[in-house]
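**Q** My structure is below; once you've seen it, I'll send some questions.
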Amino acid sequence: MVVENQVENNLCQDLVFLTEKKELLITEPLENWTEKVVHINRCAKVVKGGRRFSFSVLVVAGNKAGMIGLGLGKAKEVSDAIRKASENAKKRIFKIAMWNNTVPHVALGRAGGGCVILKPACPGTGIIAGGGVRAVLEMVGLKDVLSKSLGANNHLSMVRSTIDALLQMRTKQQINAVRKAEGDLVDYKVMS
C-alpha cells in the first residue's frame, strides 16, 4: 500500500503537464461552430397558486476541428435557457489534441460522480458512445472512438468527465517535447 502511494505520487509529479486544464481566450468570431443540446431539465417550484416551472439546459458547442465548449443555461422559458447555455459554451472553450480522427491514447476522465474511459479505435469503427459522451465527441470532430461510462449517469457529470478525459490527451510531439531531455521518445503503434 505504501509502495503504491509512492509510485502514484512520483507518477503525478512527473506527469503534471497531463492534468493541466487551460481555457482558451478567443477573440476572433466563432464561425462554423455547431451547438448540440444534450439535456433539458424541467424544475418545478410549488407555490401557493400551484407550480412554477423553470428550465435548465446543457449545451455543447464545437467547431469539429479540436475545439469544444460546455455551457449551462437556466431560465423560465426553454428558448431563453438554450440561448444562455450556448453563450456560456462559447465563453469556455477548450483545445483538444487529436490524432487521425481518433484520440491519441487511452484516458480516464472523472467529474462529480461520473467516470468515462476513452480509447482509440481503428478507422471505420465510428463513435461507440451514448448520450452526452457522444455529443461531446461529435462536436470535437472525432470519428473513431471507443468509450465506456462508469459511475453516475448524470448528463452533466458524463459531459464534464468526457471533457476531462479529452483534456488529458497529448500528441506524440507534445510528449516528445517534454521527454526530449531524457531521450525517451514515444512512437505510436499503427492499428490495423
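The values are calculated or read from the model by the stated rules, or taken from the named source; none is laboratory data. These numbers come from a predicted model, not from an experiment. A quick note on method: Cβ atoms are made from the backbone with ideal geometry, for glycine too, and the neighbour counts reach across all protein chains shown. Ligands, DNA and RNA are stripped out before the accessible areas are found, and what is left, the full protein with its side chains, is counted by its heavy atoms. Shrake-Rupley method; radii C 1.70, N 1.55, O 1.52, S 1.80 Å.
**Q** So what's the gap between the Cα centers of the stretch 37-93 and the stretch 130-151, to the nearest angstrom?
**A** After rounding, the separation between the Cα centres reads 20 Å.
**Q** Okay, moving on. What FRET efficiency would be calculated for the residue pair residue 74, residue 32, taking the C-beta separation as r and a Förster radius of 22 Å, to the nearest 0.05? Before the final figure, lay out each step's value.
**A** Numbers: r = 28 Å, r/R0 = 1.26.
In this case the efficiency is close to 0.20.
**Q** In sequence order, what are the phi-derived ³J(HN,Hα) couplings for the stretch 40-50 according to the Karplus relation 6.51 cos²θ - 1.76 cosθ + 1.60 with θ = phi - 60°, rounded to whole Hz, with x for glycine and proline?
**A** 10, 10, 9, 10, 10, 10, 7, 10, 4, x, x
**Q** Could you work out the per residue convex hull volume over the alpha carbons of the stretch 90-158, in cubic angstrom?
**A** Numbers: hull volume 5.9 nm³, N = 69.
Taking only Cα atoms, the stretch 90-158 has a hull volume of 85 Å³ per residue.
**Q** Given a 1.4 Å probe, how much area per residue of the stretch 49-192 is accessible, in Å²?
**A** Details: 7350 Å² over 144 residues.
Solvent-accessible surface per residue comes out at 51 Å².
**Q** Sequence-distant or interchain residues sharing an amide H contact under 5 Å with residue 127, placed H: which?
**A** Here 145 satisfy the definition.
**Q** Then there's this: If each residue of separation counts as 0.36 nm, what is the full-extension length gain between residue 150 and residue 54 once their alpha-carbon separation is subtracted? Spell out each step's value before the answer.
**A** On the way: separation 96, 0.36 × 96 = 34.56 nm, distance 2.98 nm.
Length gained, residue 150 through residue 54: 31.6 nm.
**Q** At what distance in nm do the modelled label points of residue 177 and residue 65 sit from each other, each positioned 7 Å from its Cα along Cα→Cβ?
**A** Rounded to a tenth, the inter-label distance reads 1.9 nm.
**Q** Please list the non-local residues whose amide H lies under 5 Å from the amide H of residue 150, H modeled 1.01 Å from N, same-chain partners needing a gap of 5 or more.
**A** For residue 150, whose amide H was placed from the backbone, the distant partners under 5 Å are 115, 116, 117.
**Q** Here is a further query. Please report the carbon-and-sulfur percent of the accessible area for the stretch 82-182; probe 1.4 Å, protein heavy atoms only, DNA, RNA and ligands left out.
**A** Working: 2470 of 4810 Å².
Summing carbon and sulfur atoms, their accessible area is 51 percent of the total for the stretch 82-182.
**Q** What trypsin sites (Lys or Arg not before Pro) in the stretch 74-140 are in a loop by DSSP, with at most 10 other Cβ atoms within 10 Å of the Cβ? If you can, show how the numbers build up before the last one.
**A** Working: sites: 74, 76, 83, 84, 90, 91, 92, 95, 110, 134; in loops: 76, 92.
Listed in order of number, the matching sites are 76.
**Q** Now for a different question. Using heavy-atom solvent-accessible surface (probe 1.4 Å) with all chains present, what is the largest-first order of 67, 139? Each step should come with its number before you reach the end.
**A** Values: 67 35, 139 10 Å².
Result, largest first: 67, 139.
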